[in-house]
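Read the structure below first, then the notes.
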Amino acid sequence: FYIMNSLKSAVIFPVWGLSESPSHQRRHTLPASEFRCLSPGDAIGVFEIEREAFISVSGSCPLYIDEIRHFLTLCPEMSLGWFEEGRLVAFIIGSLWDQDRLTQESLMLHRPGGHTAHIHALAVHHTFRQQGKGSILLWRYLQHLCYQSSVRRAVLMCEDFLVPFYQKCGFQIVGPCAVSVGTLSFTELQCPVQGYAFLRRNSGC
């Protein structure tokens, strides 16, 4: 749920790029860079990255191992992992939500009839930080959502210092988030999914 800690520790900058074309990769080797939806079998790798990124900063994780498996079983299509030579280096986990605003319930529920993609967590492996990977993965994730006709927007909650970053990448402020974690408070933002490529081209990201 609260994406801000992994981004805070990763110091992500808005750098956009594409992986090497598969036609230029050697046969019988793992792809240099691959994006795919995650499965329950990826849960341990996801948690190892998340635990280091979040616990080292806040002392807790947005999603623990059973919760990761829960979402990757219910809605693997709402996730995206970045693999380099078969190794997971960054991930996003989301679920569908069916209300206008995020609530405490939205942190643990997947509502299949919903039209909102709720981004729960984004984290980058510590050895791959400060390379713009979080920004690239977020862009690829929003592009991925464009192919899910039922999804109309993406929402997230973050600390105030990250709001300008998300605004630059097409997100708009909804207002103060109703969800709080301990003493932390958040701003809720949203981004329309359909037409995101146009927003990206004209945002300067």
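The values are calculated or read from the model by the stated rules, or taken from the named source; none is laboratory data. As the structure is a computational prediction, the values presented were derived from the model and not from experiment. Cβ placement follows ideal geometry from the backbone for every residue including glycine, while neighbour counts extend to all protein chains displayed. The protein model used for the area step is the full one, side chains on, heavy atoms only, and it has no ligands, DNA or RNA in it. Shrake-Rupley method; radii C 1.70, N 1.55, O 1.52, S 1.80 Å.
Here are some notes:
- Applying the condition of being more than 12 Å from the chain's Cα centre (by Cα) and hydrophobic (A, V, I, L, M, F, W, C) to segment 139-151 and asking which residue is most open to solvent (accessible area, probe 1.4 Å) yields 146.
- Remark: residue 121 matches the filter, which requires a residue to be in contact with a Pro (Cβ under 6 Å, 6 or more places away or on another chain), in contact (Cβ under 8 Å) with a residue 40 or more places away in the chain and either over 22 Å from residue 50 (Cα atoms) or surrounded by 22 or more Cβ atoms within 10 Å (Cβ to Cβ) (or both).
- Exactly one residue out of 92, 136 is β-branched (Val, Ile, Thr), within 16 Å of the chain's Cα centre (by Cα) and farther than 16 Å from residue 46 by Cβ, and it is 136.
- If only residues of segment 157-174 that are hydrophobic (A, V, I, L, M, F, W, C) and part of a strand (DSSP E or B) are counted, the one that is most open to solvent (accessible area, probe 1.4 Å) is 173.
- Verdict on residue 154 being at pLDDT 95 or above and surrounded by 15 or more Cβ atoms within 10 Å (Cβ to Cβ): yes
- For segment 175-191, the set of residues classified as over 15 Å from the mean Cα position of the chain (by Cα), open to solvent by less than 50 Å² (accessible area, probe 1.4 Å) and under 15 Å from residue 118 (Cα atoms) consists of 177, 179, 186, 187, listed by residue number.
- Scope segment 192-205; condition outside any strand (DSSP E or B), at pLDDT 60 or above and open to solvent by 40 Å² or more (accessible area, probe 1.4 Å); matching residues: 194, 195
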